[in-house]
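The values are calculated or read from the model by the stated rules, or taken from the named source; none is laboratory data. In this text the structure is predicted, and so the values were computed from the model without any measurement. Here the Cβ positions follow ideal geometry from the backbone for every residue, glycine too, while neighbour counts run over all protein chains shown. Surface accessibility is based on the protein's heavy atoms, side chains included, excluding ligands, DNA and RNA. Shrake-Rupley method; radii C 1.70, N 1.55, O 1.52, S 1.80 Å.
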Amino acid sequence: MSPIQRGVAIRNHIPNIIQSYKFSPEYYCHSEKALETSLSQVDLYKDWKALDPGRRYSIDNRYAALPALTKGDIRRNFPRGLLPSGRDIDQGLASGEISLVETSGTTDDKITNIWNQRWWDDCERASWKLNNYMSGVATGDHREAILVNAWNVGFVSDLVDLPLEKRRLSRFLYLNEKTNPTLWSMQLMDRMIEELNTFQPAVLEANPSMLARLCRYISSRNRPVFQPGIIVFTYEYPTNFHYRQIQRVFPVPMASSYGTTETGYVFMQCEMGKFHQNSDFCRVDFQPLLPEHGGPLLGQILVTPFGNPWSYLVRFDTGDLVCLESSGKCACGRNSGLILSSIAGRKANLTLTCSGRLVTLFELDGALSRLNDIDEYKLVQVDTTGYRLHLVSPRGDKSRLRDEATAVLRELYGETARVEVIFSDSILPEISGKYLVSKALFPIKLDGFLDSRYAPEKSSTRSKCR
Ligand SMILES: [Zn+2]
């Protein structure tokens, strides 16, 4: 069955919850404009046109009939196949309106993106209003300290430590110049603490594994440290252990900001802990998993950014799984766009139980968070019933911790799980610069776990967009 047949032939099986979310008329107009410009003017989508059921169908239905856009599609069509007729990349680069940025990662993962700073800034600002603490301190010229892997953002210098003036850029201070946090000396961490104390940032943006590492050091030394107005997590999934270690040192509001280099800021965690869609700047299509794997609330997302004249990505597969908020509401009162109870981790983080059920990073992390005295962990599923858990723990006698961890994993993955617990001094980041918490050593293709009955269908509506 072709996507178009699937999109329109299947009766309405959308979880009721999705229908209770509210989207503005502008949202549908932005959706329509992004779709029609892409299909009519951008080379990459020339084969997609035949799949579009057209204006007789609702915009949700039209999107549902189309495939997902992959990083491979972007790589193959870069740069001219990604732009509408009349938009010249050389002119854009020469005028300084755009630049090219490469995302870090393995060869399969790595792509070059057209970067439009003005659109990015507008998109980021729109995400701030989804969190009261953030909108309270973020004026646009506020001081912001950034603690991330220099491989991802900032200035790289693994061999020598860079002085502060070499790590400043407008209102930002990059606290770290290393590509691997195990290279941090005590002097370097002391420097980070002193710089926080003198720079006094309103916002501390952090890669959670790195900030947790700094916090373990601060706790062990009992050092006083400046408290920012809010800590925002980017780049990585913050584990429960990260949260605990950071909260001990920084009892300030924390929020996760979710986005990608390709799509901008997609979800922001509000002050009540739920995630709200940045719906002025992107469309999100949700594809639920089968009920036995966590659906219909758990699913993958496909993102279509709005309003970037240099980006026409339609249904881009970000590789992430999310969980819809079952009540469809949030106590903060925001009600435009999807509301999530959690970001559930990446597809690359998925593992399987011994009986073949999908386990997200969110579920794994919830199970392991019952353990105490864990600095960091990494779970690798080696085959269908074999699990290798790397633990970093300050506990002296580790034999009891080994038993506790084995019991937790058997409860989650099944009594027949072969669990090996390996204690290490530290866990290194991946080649992408990000800290990897879980993965399987064999491919897990999500397509086989998606619930294809959930093709959105609404009654045919005529477009009211101009
Ligand atoms: Zn909220």
**Message:** Go through (1) within 16 Å of the ligand (Cβ to nearest atom); (2) in contact with a Lys or Arg (Cβ under 6 Å, 6 or more places away or on another chain) for residue 302 and report which single condition fails.
**Reply:** (1)
**Request:** Under 9 Å between Cβ atoms, at least 6 apart or on separate chains: pull out the pairs that start in the range 118-132 with a residue that is over 14 Å from residue 336 (Cα atoms) and within 12 Å of the ligand (Cβ to nearest atom) and end on any residue that is open to solvent by 20 Å² or more (accessible area, probe 1.4 Å) and not in a helix (DSSP H, G or I).
**Result:** 132/253; 132/271; 132/332
**Message:** Within the range 243-299, take every residue that is of a type in the set (Lys, Arg) and under 25 Å from residue 225 (Cβ atoms) and give me the one that is nearest to the ligand (Cβ to nearest atom).
**Reply:** 244
**Request:** Could you tell me which of the residues 361, 313, 324 is more than 16 Å from the ligand (Cβ to nearest atom) and within 24 Å of residue 239 (Cα to Cα)?
**Result:** 361
**Request:** Return the residue satisfying two criteria in turn: it lies in the range 183-204 and is touching a helix residue (DSSP H, G or I) at 6+ places or on another chain (Cβ under 8 Å) and not in a helix (DSSP H, G or I), and of such residues it is modelled with the lowest pLDDT.
**Result:** 184
**Message:** Which residue is least open to solvent (accessible area, probe 1.4 Å), if the candidates are limited to the range 155-182 and must be closer than 22 Å to residue 427 by Cα, in contact (Cβ under 8 Å) with a residue 24 or more places away in the chain and among the hydroxyl-bearing types (Ser, Thr, Tyr)?
**Reply:** 179
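Step by step: first the residues of the range 358-369, then only those that are open to solvent by 20 Å² or more (accessible area, probe 1.4 Å) and out of contact with any helix residue (DSSP H, G or I) (no Cβ under 6 Å at 6 or more places or on another chain), then the one that is farthest from residue 318 (Cα to Cα). Which residue is that?
Our first condition is that a residue be open to solvent by 20 Å² or more (accessible area, probe 1.4 Å); within the range 358-369, this holds for 362-363, 366, 369.
Still in the running and out of contact with any helix residue (DSSP H, G or I) (no Cβ under 6 Å at 6 or more places or on another chain): 362-363, 366.
Numbers: 362: 17, 363: 20, 366: 23 Å.
Of everything passing the filter in the range 358-369, 366 is farthest from residue 318 (Cα to Cα).
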**Message:** Quick check on the range 187-208. Is at least one of its residues open to solvent by less than 10 Å² (accessible area, probe 1.4 Å), in contact with a strand residue (DSSP E or B) (Cβ under 9 Å, 6 or more places away or on another chain), among the small types (Gly, Ala, Ser) and on the phi < 0 side of the Ramachandran plot?
**Reply:** yes
**Fill in**
How many residues of the range 374-400 are crowded, with 19+ Cβ neighbours inside 10 Å and part of a helix (DSSP H, G or I)? The answer is 0
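Count, please, the residues in the range 342-351 that happen to be open to solvent by less than 30 Å² (accessible area, probe 1.4 Å) and either more than 16 Å from the ligand (Cβ to nearest atom) or not in a strand (DSSP E or B) (or both). Walk me through how you get there before you give the answer.
Taking the range 342-351 first, the residues open to solvent by less than 30 Å² (accessible area, probe 1.4 Å) are 342-345, 349-351.
Retained after the next criterion (residues that are either more than 16 Å from the ligand (Cβ to nearest atom) or not in a strand (DSSP E or B) (or both)): 344-345, 349-351.
Here the count works out to 5.
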**Asked** Of all residues in the range 312-341, how many are touching an Asp or Glu at 6+ places or on another chain (Cβ under 9 Å), closer than 22 Å to residue 121 by Cβ and open to solvent by 20 Å² or more (accessible area, probe 1.4 Å)?
**Response** 1
**Request:** Kindly provide the set of residues from the range 133-157 that are over 27 Å from residue 270 (Cβ atoms) and either within 16 Å of the ligand (Cβ to nearest atom) or in contact with an Asp or Glu (Cβ under 8 Å, 6 or more places away or on another chain) (or both), ordered by number.
**Result:** 150, 154, 155, 156, 157
**Request:** Any chance you could count how many residues in the range 401-425 are over 22 Å from residue 375 (Cα atoms), touching a Ser or Thr at 6+ places or on another chain (Cβ under 9 Å), surrounded by fewer than 17 Cβ atoms within 10 Å (Cβ to Cβ) and not basic (Lys, Arg)?
**Result:** 2
**Complete:** Selection over the range 107-141 where residues are in a helix (DSSP H, G or I) and of a type in the set (Gly, Ala, Ser) yields a count of 4
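Suppose the filter is open to solvent by less than 20 Å² (accessible area, probe 1.4 Å), more than 24 Å from the chain's Cα centre (by Cα) and under 28 Å from residue 235 (Cα atoms); does residue 437 pass it? Outline the logic, then answer.
Details: open to solvent by less than 20 Å² (accessible area, probe 1.4 Å): yes; more than 24 Å from the chain's Cα centre (by Cα): no; under 28 Å from residue 235 (Cα atoms): yes.
Spelling it out, it is not the case that residue 437 is open to solvent by less than 20 Å² (accessible area, probe 1.4 Å), more than 24 Å from the chain's Cα centre (by Cα) and under 28 Å from residue 235 (Cα atoms).
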**Message:** If I go through the range 63-100 residue by residue, how many of them are surrounded by 15 or more Cβ atoms within 10 Å (Cβ to Cβ) and in a strand (DSSP E or B)?
**Reply:** 1
